[in-house]
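The values are calculated or read from the model by the stated rules, or taken from the named source; none is laboratory data. Note that the structure is predicted; figures quoted are calculated from it, not measured. Cβ atoms come from the backbone with ideal geometry, glycine included; neighbour counts cover every protein chain shown. All accessible areas refer to the heavy atoms of the entire protein, side chains included, with ligands and DNA or RNA removed. Shrake-Rupley method; radii C 1.70, N 1.55, O 1.52, S 1.80 Å.
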Amino acid sequence: MGLTSKQSVIGMKSVFLETLRPATMSSQTNQRDSFTLLKKLDFIKTKKQWLVLISIIFISIVFLYPYLINWKEDFRTSLSPIEVLQQKIKNSFNLSSSQLRNTSDAPAGSRWRRVSWEEAVKAFSYQTSHACNNTCDRSDNASDCFSFTSEDWSRRLVSGDFTVRPFLKDGMYIYEFEKEYLSYPPLEDMKQLPDLKLSKITVFGMSNNTVRCGTGDVINGRVDLVDSYGHPRHRGGDEVRLWLVSKSEKQFRATGHVADLNNGSYLITGHCLWPGNIQINVAVVYPREYIRATLHQAQLSVTRYIYGNFINNSTQETTICWSLPNVIGRSCVCNLTRLSGQSFYCGKPINTRLTCNDFSATSVGPMIQPKNVTLQERDLIQKIPTRHILERTIPHSINVTSEEKGQPPKLKPCSLTPFNVTWNLTSPGGFWEPNMKWTSLHCERPEMSSTWAMSCLKNTTVMIFGDSNALRIFDVLNQMTNCTGVSYTLWPKAGTCSNNDSGITLSFTPHELPKYQHPYWTPKLDYKAVAEQIYVTPSVGKYIIIVHYYLHATPSHLSVVHSRIKSLSESIRHLARRNPDVLFAFRGPHVTSFDWDINHTTGGDSLGKFFLQLIQETFQDLRDKIVYLDGWGMALAIENAYLHPTDRVPQEMARTLLSFRCNETGYVPRLH
């Protein structure tokens, strides 16, 4: 028997009320209060009115869901004083596994959203606006109104008494590799990490653990990673490195290539470049769990900050500064990008007698502990960099025996060799001989001497931009050319020297802020951006321009240094069209670890492979105009662990660079 209209309406109302009843409501009191409230809907009398109401609610939920998610994020930054205290207590401990799953970069069921670097920065437009006024009642600025000096900030940073302001919200990413790694869950079980003793190396074609090859031959193999449970690792993403060393007392050294099969196995390729017995070294430098934690810290901007000092007469105040606008410790931020043309921000002073224009000096802050990590991730972050790379190798008993196979083919002079050969990083660009002399596999280089260097650089201006590792190339050329005029240590200042008899001028200029300089105040350095200085280089005259970004730039999110090398590429493209007598060089990153052992995720080479990828992509169409100086291969072959590799690295880089410009007798113009 059919229902009457009134019965139909009553039935729909019952279903509607039952649907809206909270799933967790169990007490009769809560049920009674909920239904009392909902009975106020008695003004809805007809079935049609109920259908309209239900449709409106359904459409509203679907439409407003993304905004509700964003509102939830914004709500976190406006908590009550009690909630602020609770938040501070929670942040003083490691998050539990369940909390980490709820606050990770990709919570279960969330939708990933790719954003550009410009979009991510724009999200902080209010904090950097003139309309923003500092407040002291927000969760991300707890106690900030009581920190005015570098000593105040250092105590807070070292103790962890601060709340991060993420650069990217949950589920956001700029690069595909971020999405890939952040999709992995946080590390909770150390036994799931690669077990070096259980993992295995296989070299194709070996017999009784012996491989025979001739000089110049290629050897291939596979690495299979196994965890401490004895289970194969079924995913890739681990940082696996290969290098070869002669077993004799006089050691030759070269790097190899590793290809990730994305299933827990890795293809390895090495070259037999000298006769004798060769040791194959395969190191699992960083498991993917470590790289995930590193990328997570980068998105949160848990890093080694620098301090900015604001002074106006006798009034001064110190705030935290960084290359991104999500600066901690102040609700408002000074956008100081205008200083160099590249992104740089400092917390806005609370004292109203100080403005953003009163920024006057910088100093380096302390290394800080990682944030929002599991106990296992914290242990991994702090222990891995204290182990030398040889302690991270997979043990094996494979022996490679290489036999002399005639003389290698004679190489063309570098001065007649295209620059793009230097960008091939899948094959070794050279190898170290026992006397720490670099033998190039790209081209023939003249012997380095002061006479040759001055002949090559006659009537030439050399402009070098970067950090202390770029300055070391300046020092090599300075010594070779008898350049005079610099009577002080350049870093972090700029300087110029000259040899008037030969018409040689050498200049060094630090790259843009942030720079880790000194624990004491360094006056504001008003150097323009590297790209801007290159852009205005004259159209006439001989120039060599060398640029290096690395250890001062990569502690920030990689999008920062990426934006800077993109600006650099545009300036190089512009200048190359105007002046054919300019030789460009980019000094690449190198392997390093020990100097960042408190929290290696704030620097070092843990994200080096991604930076290399960005460099390759950015200069893709300029490889015939830029010499790439491969610090990675040189440093890995000698198992470097320090911020500054041996002096032989900058010396050999300088020799390689000049060889692409000059033969034994002097300058060789390039045909364009």
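Computed values, structure above
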read-out	value
Residues of the stretch 256-349: accessible area per residue with a 1.4 Å probe, Å²	23 Å²
Dimensionless Rg ratio for the stretch 616-672, taking C-alpha atoms and the 2.2 N^0.38 Å reference	1.38
Carbon plus sulfur fraction of accessible area for the stretch 289-332, probe 1.4 Å, in percent	36 percent
For the stretch 287-323 versus the stretch 632-672, the gap between their alpha-carbon centres in whole angstrom	33 Å
Rounded percent of accessible protein surface that carbon and sulfur make up, the stretch 117-241, 1.4 Å probe	52 percent
Descending principal axes extents, the stretch 535-591, alpha-carbon based, whole Å	38, 20, 12
Loop sites in the stretch 228-296: GluC sites (Glu not before Pro), DSSP, at most 16 other Cβ within 10 Å	249
Of all accessible heavy-atom area on the stretch 437-560, the percent that carbon and sulfur account for (1.4 Å)	52 percent
1.4 Å probe accessible area per residue over the stretch 355-430, in Å²	47 Å²
Local electrostatic count at residue 362 - Lys and Arg +1, Asp and Glu -1, tallied over other residues with Cβ under 10 Å	+2
Note, ³J(HN,Hα) from phi for the stretch 531-539, Karplus 6.51, -1.76, 1.60, rounded to Hz, x at Gly and Pro	4, 5, 5, 5, 4, 9, 4, x, 7
Radius, Kirkwood style, for the stretch 220-321 when every pair of distinct Cα atoms is counted (Å)	17.4 Å
Modelled label reach - residue 315, point 7 Å along Cα→Cβ, the stretch 350-368 residues with backbone N closer than 19 Å	350-361
Over the stretch 329-383: Rg over Rh, Cα atoms, Kirkwood Rh	1.16
Alpha-carbon centroids, the stretch 536-570 and the stretch 345-378: separation in whole Å	25 Å
Under-5 Å amide H pairs with residue 334, H placed in peptide plane, nonlocal only	346, 347, 348
Ordering of 521-529, 417-425 by burial proxy (mean other Cβ atoms within 10 Å per residue, highest first)	417-425, 521-529
Förster radius 41 Å - calculated FRET efficiency between residue 624 and residue 189 (Cβ-Cβ, nearest 0.05)	0.25
Fraction of the pair-distance distribution of the stretch 504-570 above 21 Å, Cα-Cα pairs, percent	33 percent
Compactness of the stretch 193-255 - radius of gyration and Dmax, Cα, Å	14.4, 40
Extended-chain gain in nm, criterion 0.36 nm per residue less alpha-carbon gap, residue 484 and residue 496	3.5 nm
Hydrodynamic radius of the stretch 554-672 per Kirkwood, over alpha carbon pairs, in Å	15.9 Å
Estimated vicinal HN-Hα couplings, Hz - the stretch 178-187 in sequence order (Karplus 6.51, -1.76, 1.60; Gly, Pro = x)	5, 4, 4, 6, 6, 6, 6, x, x, 5
11 Å beta-carbon shell around residue 333, net charge (K/R +1, D/E -1)	+3
Distant-in-sequence amide H partners of residue 584 (H built 1.01 Å from N, under 5 Å)	545, 627
Between the stretch 204-239 and the stretch 450-515, the alpha-carbon center distance in angstrom	45 Å
Contact order normalised by residue count of the stretch 459-548, Cα under 8 Å, 6+ apart, percent	43 percent
Accessible area of the stretch 493-558 divided out per residue, in Å², using a probe of 1.4 angstrom	37 Å²
Dimensions in Å of the stretch 148-227 - Rg and Dmax from alpha carbons	23.3, 68
Gain in span if fully extended, residue 111 to residue 262, counting 0.36 nm per residue against the direct Cα distance	52.0 nm
Exceeding the 18 Å Cα-Cα cut-off - candidates 458/528; 528/566; 122/528	458/528; 122/528
